[in-house]
Amino acid sequence: MLRGGKGIQRGKGGYDADRHRIERASLLEAEKLAVQKRSVYDVAKDRAEKLAGELQRFAEVRRTMQAEFKQKERLEKVSETTAFIRDTLKEAAPRVARNYVYHVSIEAGQLYREITGNAECTLKWAEEYSILLEEDGYERPFASLSGGEQMAAALSVRLALLKQLTDIRIAFFDEPTANMDAERRENLAMQISRITNFDQLFVISHDETFDNFVDNVVSL
């Protein structure tokens with residue numbers, strides 16, 4: 001007991017209360033600072049994770065926008081090509097129409113000469129779609145033609161259109177002599193019988209005038 005008491009006395013003699021108080025205050029301050037630093041670290045870490053998420057989202061948005069820009073560029077090119085085709089067709093339409101009219105006119109002229117048996121005249125289908133008959137150096141408009149000439153001219157243009165615009169080489173005439181007198185019926189039947197540029201012609205009629213100008217007659 002006495003030995004122990006002396007040891008405690010010697011221990012007490014080496015204890016510095018002021019230093020202990022200072023060190024304890026420093027420890028408490030350090031712990032407090034550590035808690036603050038930890039709090040700041042946690043906030044910074046949370047902020048960093050949020051920023052990383054935002055960066056990832058921005059990257060996805062960027063990829064999406066790049067794809068959309070590529071799509072936009074593709075659509076713009078398609079639009080430019082479409083506009084070019086549209087403008088080209090718009091500019092070409094009158095030329096194509098003139099080309100068709102030209103070839104129909106040539107075909108109609110040939111058919112007219114074949115129908116009428118007159119090789120000295122030329123039937124023309126003008127660009128404004130009017131019908132003219134050139135004979136002996138003079139052009140006569142459709143209105144000034146005789147009834148038979150008008151009939152042959154109209155028939156020639158219709159058949160020429162059919163021949164130029166389709167691959168069909170068959171034509172049907174449904175009651176072509178309706179409301180015609182005997183002379184005109186005879187003329188029309190003769191004109192139709194002279195057409196050779198088609199594989200087959202069908203005339204559907206109650207008029208027996210055609211009986212003498214066709215190869216076959218089917219009566220119903």
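The values are calculated or read from the model by the stated rules, or taken from the named source; none is laboratory data. Just so you know, these numbers come straight off a predicted model, no measurement behind them. Positions of Cβ are backbone-derived with ideal geometry, glycine not excepted, and every protein chain shown enters the neighbour counts.
Against the definition (surrounded by 10 or more Cβ atoms within 10 Å (Cβ to Cβ) and at pLDDT below 85), how does LYS32 come out, yes or no? Outline the logic, then answer.
Numbers: surrounded by 10 or more Cβ atoms within 10 Å (Cβ to Cβ): yes; at pLDDT below 85: no.
Considered against the rule, which asks whether it is surrounded by 10 or more Cβ atoms within 10 Å (Cβ to Cβ) and at pLDDT below 85, LYS32 comes out as no.
For the range 82-99, how many residues meet the condition of being at pLDDT 85 or above and not small (Gly, Ala, Ser)?
Step one: filter the range 82-99 for residues at pLDDT 85 or above, giving 82-83, 98-99.
Keeping just the survivors that are not small (Gly, Ala, Ser) gives 82, 98-99.
Residues that pass the stated criteria total 3.
Quick check on this structure: which one of LEU188, LEU132, LEU159 is in contact with a strand residue (DSSP E or B) (Cβ under 7 Å, 6 or more places away or on another chain) and without any contact (Cβ under 8 Å) to a residue 40 or more places away in the chain? If you could, list the steps in order and put the result at the bottom.
On the way: LEU188 fails: in contact with a strand residue (DSSP E or B) (Cβ under 7 Å, 6 or more places away or on another chain); LEU159 fails: without any contact (Cβ under 8 Å) to a residue 40 or more places away in the chain.
None of the others qualify; the one that does is LEU132.
Can you find a residue that is under 30 Å from LEU159 (Cα atoms) and assigned to a helix (DSSP H, G or I) anywhere in the range 57-79? Spell out how you get there, then give the answer.
Restricting attention to the range 57-79, the residues satisfying the condition of being under 30 Å from LEU159 (Cα atoms) are none.
The answer is no; no qualifying residue exists.
So which of GLU114, GLU127 ends up being in a helix (DSSP H, G or I), of a type outside the set (Gly, Ala, Ser), touching a Lys or Arg at 6+ places or on another chain (Cβ under 7 Å) and in contact (Cβ under 8 Å) with a residue 24 or more places away in the chain?
On the way: GLU127 fails: in a helix (DSSP H, G or I).
Result: GLU114 is the single residue among GLU114, GLU127 that is in a helix (DSSP H, G or I), of a type outside the set (Gly, Ala, Ser), touching a Lys or Arg at 6+ places or on another chain (Cβ under 7 Å) and in contact (Cβ under 8 Å) with a residue 24 or more places away in the chain.
ASP136 is checked against (1) modelled with pLDDT under 90; (2) surrounded by 12 or more Cβ atoms within 10 Å (Cβ to Cβ); (3) more than 19 Å from ASN99 (Cβ to Cβ) and fails just one. What number does that condition carry?
With (1) modelled with pLDDT under 90; (2) surrounded by 12 or more Cβ atoms within 10 Å (Cβ to Cβ); (3) more than 19 Å from ASN99 (Cβ to Cβ) applied to ASP136, the lone miss is (2).
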